[in-house]
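Notes follow once the structure below has been shown.
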Ligand SMILES: [Zn+2]
C-alpha cells in the first residue's frame, strides 16, 4: 500500500457568499460532504493516511505566481468585507484567511511528497484555483493553487520539471496562461469542449508559445464522453507525452464535475473512470491531487475512490450499469472524439512522438 498524505483547510467555511438570496454553487457544503463521508466510512483510517496540518502560505509563496497589485487587491477587498467580483467569483471578509490556508495546505501536501514523507498526497481545499491567472480571478477561483505549488517546488526543492494535469470538466485556463511560455511545466487539460462552455478557452490549437510550444496540451472532450474516451486519451496521448517529458512529479487538478451526475457539465465519468484516470498517473509518478470543482452529492464517494487509487487499494466495483451508460451515449460522441484525438495527435507530432 502507498502512503498518502491528506490535508484540508479547516477554515474553509469562512469563504461563503449569498448572491440575490442564493448561495454560490462553490460553497462550504462541498467540502463538508467530503469530510462527512470520510468520517462516516473511516476512509482515512482504512487507507492508513498520514494527516497533514494546514498552515498559512507566505506572501512570498503567492507572489511567485500572482502580481503584487492583484494580491493587494484580493487582500484589501476581502478585509474590507468582500463582495461580488464578477466572472462568477466572490470574496467575503473571511476569504483572505481561507485563501492563505488553502494555498498553505497545498504546499504542505507538496512538501510531504517531495521530502519522502509519503508517496502521494490529497489536498482537499476550497476555493478551487485552476481558472485564476497571475492577475485575474475567474470561475470561483482566486489564487491558482497548482501554479503556486509548482513554483514552490521548483524554488525550494529544486524540482526541474513538473506536470500539471487537469481532469475537471472545465479547461484549466488560468494554469495554462501562467505557464504558456515555460517549458519547465507541462500543462495537460482534458475537459468538455469549450465551444459555448465555460471558460471558452482550452481548444486543441492552444499549444503554448516559444520556447514552450507543445508544452500546453488541451483535449476537447465532446459532450457525453466518459470512461472509455478518457482511457483512450491517456493511453494514446496523455501518458506518452508525460513519459517523454519525464516530470519529477505530477500535480493533478481533480474536479469532480466530469462525473455523470454533474448538472453544470455534460461528461460521463463514473467512479471507475476517476479511479482509472488517477491510477494511470499515480502508478507512474508521485502525485499531488488538488480538489477543483464538482457540485453534486457524490463528492465524498469520489474523493474516497481517488484516495483508494492513490493508496493503491483495490476498490469495490462501480455499481453503475456501464452497459446502459454506454448505450445512452450517442455514437456521434465517439466519432467526434476520434476526430479530435486525431487532430491533437497531428498538431503534437512535431513536439512529441505519438
Ligand atoms: Zn469545473
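No value in this document is a laboratory result; all are computed from the given coordinates. Note that the structure is a prediction, hence the values are computed from the model and not measured. Cβ placement follows ideal geometry from the backbone for every residue including glycine, while neighbour counts extend to all protein chains displayed.
Taking all C-alpha pairs of segment 1-132, those more than 22 Å from each other amount to 41 percent.
Can you put 130, 120, 351 in order of Cβ neighbours within 10 angstrom, beginning with the fewest? Please report the intermediate quantities before stating the final value.
Numbers: 130 32, 120 29, 351 16.
Listed from fewest to most nearby Cβ atoms, that is 351, 120, 130.
Roughly how many Å is it from the Cα centre of segment 240-263 to that of segment 191-213, as a whole number? So the separation of the two Cα centres works out to 15 Å.
Look at 115, 216 and count the other Cβ atoms within 10 Å of each Cβ; fewest to most, that gives 115, 216. Shown is the FRET efficiency for residue 58 and residue 80, computed with R0 = 25 Å from the Cβ-Cβ distance and rounded to the nearest 0.05: 0.65. Summarising the label geometry, the points placed 7 Å from Cα in the beta-carbon direction at residue 231 and residue 184 lie 3.8 nm from one another.
Along its first, second and third principal axes, ordered by size, segment 64-181 spans 41, 27, 27 Å in Cα coordinates. Can you pull the percent of Cα pairs in the chain with separation above 27 Å? Summing the P(r) of the chain above 27 Å gives 41 percent of all pairs. Label reach from residue 134 (point 7 Å along Cα→C-beta): in segment 174-198, amide nitrogens under 14 Å belong to 174-183. For segment 134-190, a Kirkwood hydrodynamic radius built from all Cα pairs, placed in the Stokes-Einstein relation at 10 °C and 1.306 mPa s, yields a translational diffusion coefficient of 134 µm²/s.
With a/c under 1.5 counting as rounded, go ahead and sort segment 199-354 into rounded, prolate or oblate using the C-alpha gyration tensor (a ≥ b ≥ c being the square roots of the eigenvalues; past the cut-off, prolate if a/b is larger than b/c, else oblate). Verdict is oblate for segment 199-354.
Sort 221, 39 by Cβ crowding within 10 Å, fewest neighbours at the top.
Values: 221 27, 39 11.
With the sparsest Cβ surroundings first, the list reads 39, 221.
What is the antiparallel percent of DSSP beta bridges lying wholly in the chain, to the nearest 5? Each step should come with its number before you reach the end.
Working: 8 of 41 bridges.
Expressed as a percentage, antiparallel bridges in the chain total about 20.
Per-residue ellipticity at 222 nm computed for the chain from its helices equals -11500 deg cm²/dmol, with DSSP H segments shorter than 4 residues left out and the rest contributing -39,500 (n - 2.57).
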